[in-house]
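What follows is a short report on a single structure.
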Amino acid sequence: MTTLPRFSPLLGAARVIPVLTIEDVAQAVPLARALAEGGITVIEVTLRTDAALKACEAIAHHCPDVVLGVGTILTPSQVDEARDAGAKFLVTPGTTEKLARAVAESGIAALPGAGTISEMVALLEMGFHEMKFFPAEAAGGVNYLKSVAGPLADLRFCPTGGIGATNAETYLALPNVLCVGGSWLTPKAALDAGDWDEIARISREAAKLGRR
Ligand code: 3PG
């Protein structure tokens, strides 16, 4: 089995990844810059809007210091689209064998999604040691990840789903948690208002979480 590129070398000091749903491509660059100003430069743009791929291209082109992840990848063709849009890492909410193979063959670092032990073992069989745990709170949260640490000691996680400023530290304190993801850094009101100062402020707070 070939060794797959790992996501963790892309992580800087900050251990929070904003999960971004961008409706308006014009927001992409100011949003990424505001997050970076606050200290968060590793981001995930989800493929949930018509604007998403163009937003990724804009960030990749104009924000060279930002480590762009493309998320909500559900099909092999979206793996190709993400690569073409400048993805430095790929994120899937869950992973079929077909999707895992496409991600592995892309040669791009990834956090494939898993929500159960069997899914985690299946990803491990394919050579993935780092994955997204989704939906973290609904699937068992911190206690679930503590239980997984015994049998699956080599795995490292980015839990996402239901995580916010108040519970992020609890996850980040676990030895098998690399980072956490969440949409709480980009409240709709701030996005709609183009309030980049507010986004930078939230980013600054989030960048302090779980510092090692
Ligand atoms: C994701 O795709 O990771 C989630 O939608 C983010 O979850 P959250 O909105 O609960 O932070």
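The values are calculated or read from the model by the stated rules, or taken from the named source; none is laboratory data. The structure displayed is predicted, hence computed values, not measured ones. Counting neighbours? That spans all protein chains shown, and the Cβs are built from the backbone with ideal geometry, glycine included. The protein model used for the area step is the full one, side chains on, heavy atoms only, and it has no ligands, DNA or RNA in it. Shrake-Rupley method; radii C 1.70, N 1.55, O 1.52, S 1.80 Å.
Descriptive notes on the structure:
- Failed criterion for ARG204 (all others in (1) more than 10 Å from the ligand (Cβ to nearest atom); (2) surrounded by 18 or more Cβ atoms within 10 Å (Cβ to Cβ) hold): (2)
- LEU185 under 18 Å from THR72 (Cβ atoms) and in a helix (DSSP H, G or I): no
- Which listed residue, of LEU145, LEU152, LEU172, is buried (at least 17 other Cβ atoms within 10 Å of the Cβ) and away from the ligand (no atom under 16 Å from the Cβ): LEU152
- Within region 28-48, tally of residues that are open to solvent by less than 30 Å² (accessible area, probe 1.4 Å), part of a helix (DSSP H, G or I) and not aliphatic (A, V, I, L, M): 1
- Selection of region 157-167 for residues being buried (at least 22 other Cβ atoms within 10 Å of the Cβ) and either more than 10 Å from the ligand (Cβ to nearest atom) or farther than 30 Å from LEU124 by Cβ (or both) yields only PHE157.
- Flag for THR92 being hydroxyl-bearing (Ser, Thr, Tyr), open to solvent by 10 Å² or more (accessible area, probe 1.4 Å) and at negative phi: no
- Screening region 5-17 for residues that are modelled with pLDDT of 95 or more and either in contact with a Phe, Trp or Tyr (Cβ under 8 Å, 6 or more places away or on another chain) or assigned to a loop (DSSP other than H, G, I, E, B) (or both) and picking the one that is surrounded by the most Cβ atoms within 10 Å (Cβ to Cβ) gives PHE7.
- Selection status of LYS188, out of contact with any Cys (no Cβ under 9 Å at 6 or more places or on another chain), within 16 Å of the ligand (Cβ to nearest atom) and either among the small types (Gly, Ala, Ser) or open to solvent by 50 Å² or more (accessible area, probe 1.4 Å) (or both): yes
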